[in-house]
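Below is one structure, written out as structure tokens; comments come after it.
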Amino acid sequence: MNIMVVRNDKLGDFITALPTLYVLKHHNPQNRIIALVAPLNRKLAEACDFIDEVIVDSGEDILELAFKIKQAQINASITLFSNTRVALAQWIARIPIRIAPATKIAQIFYNRRITQRRSEVKMAEFEYNLQLARALFPDISLEFPKPLLPFKDAIKYI
């Protein structure tokens, strides 16, 4: 299955997505994991052995982004933080399963919406993200190694 995980904002927010990317890959190593990231997160995403492909969201218009996504032949997407532009691009790209938190107006473009009250801070951000992976695979193990990434060569990815 080709699974796209969307976290196309700041570095710290992308870091909170890494456990979700990891568990999706390890749930079934045949899954092709695609990360849709901001340009500043490209090198870090490419350095992760549990990410098979990186799509960079350079802020292009909706149709250009939809074309990039369509080329990757995505079966399911998990959007960890959504906005209308990214949601609409996924809908135009005709991704069959589109999962996201049910928190913004953009939720109308997703066909699996998960109610999360992140402002109540009942969990860490990465735990809310992991819950979205469970919406795709109810039996997925949410365990991941800690630390998830080694840091000895971290400076070359910045």
Scanning for something out of contact with any Lys or Arg (no Cβ under 8 Å at 6 or more places or on another chain), free of Cβ contacts under 8 Å to residues at least 12 places away in the same chain and either under 15 Å from Val6 (Cβ atoms) or surrounded by fewer than 22 Cβ atoms within 10 Å (Cβ to Cβ) (or both), does the range 85-104 turn up at least one residue? no
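If you check Ile15, Ile33, which single one turns out to be within 19 Å of Leu130 (Cβ to Cβ), open to solvent by 60 Å² or more (accessible area, probe 1.4 Å), within 12 Å of the chain's Cα centre (by Cα) and among the aliphatic types (A, V, I, L, M)?
Checking each option against the conditions leaves just Ile15.
Those residues that are assigned to a helix (DSSP H, G or I) and among the small types (Gly, Ala, Ser), I need them from the range 21-49; list them, please.
Ala45, Ala47
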Could you list all residues from the range 82-110 that are within 24 Å of Lys25 (Cα to Cα), of a type outside the set (Gly, Ala, Ser) and touching a helix residue (DSSP H, G or I) at 6+ places or on another chain (Cβ under 9 Å)? Val86, Gln90, Trp91, Arg94, Ile95, Ile97, Arg98, Ile99, Pro101, Tyr110
Among the listed residues Asp139, Asp57, Asp153, Asp52, which satisfies the condition of being loosely packed, with under 15 Cβ neighbours inside 10 Å, at negative phi and at pLDDT 95 or above? Asp139
Among residues of the range 108-125 being assigned to a loop (DSSP other than H, G, I, E, B) and among the hydroxyl-bearing types (Ser, Thr, Tyr), the residue surrounded by the fewest Cβ atoms within 10 Å (Cβ to Cβ) is Thr115
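Select from the range 71-107 the residues that are among the aromatic types (Phe, Trp, Tyr) and not in a helix (DSSP H, G or I) and list them in ascending order.
The one that is among the aromatic types (Phe, Trp, Tyr) and not in a helix (DSSP H, G or I): Phe81.
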Just to check your reading of the model, which residue among Ile3, Ile62, Ile69 is among the β-branched types (Val, Ile, Thr) and in contact with a strand residue (DSSP E or B) (Cβ under 6 Å, 6 or more places away or on another chain)? Ile3
Residue in the range 68-81 that is nearest to Asn8 (Cα to Cα), counting only those that are open to solvent by 10 Å² or more (accessible area, probe 1.4 Å) and in contact with a helix residue (DSSP H, G or I) (Cβ under 9 Å, 6 or more places away or on another chain): Phe81
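The values are calculated or read from the model by the stated rules, or taken from the named source; none is laboratory data. Bear in mind that the values here come from a model prediction, so they are computed numbers and not experimental data. Backbone-built Cβ (ideal geometry, glycine too); neighbour counts: all protein chains shown. Surface areas here come from the heavy atoms of the whole protein model, side chains and all, with no ligands, DNA or RNA. Shrake-Rupley method; radii C 1.70, N 1.55, O 1.52, S 1.80 Å.
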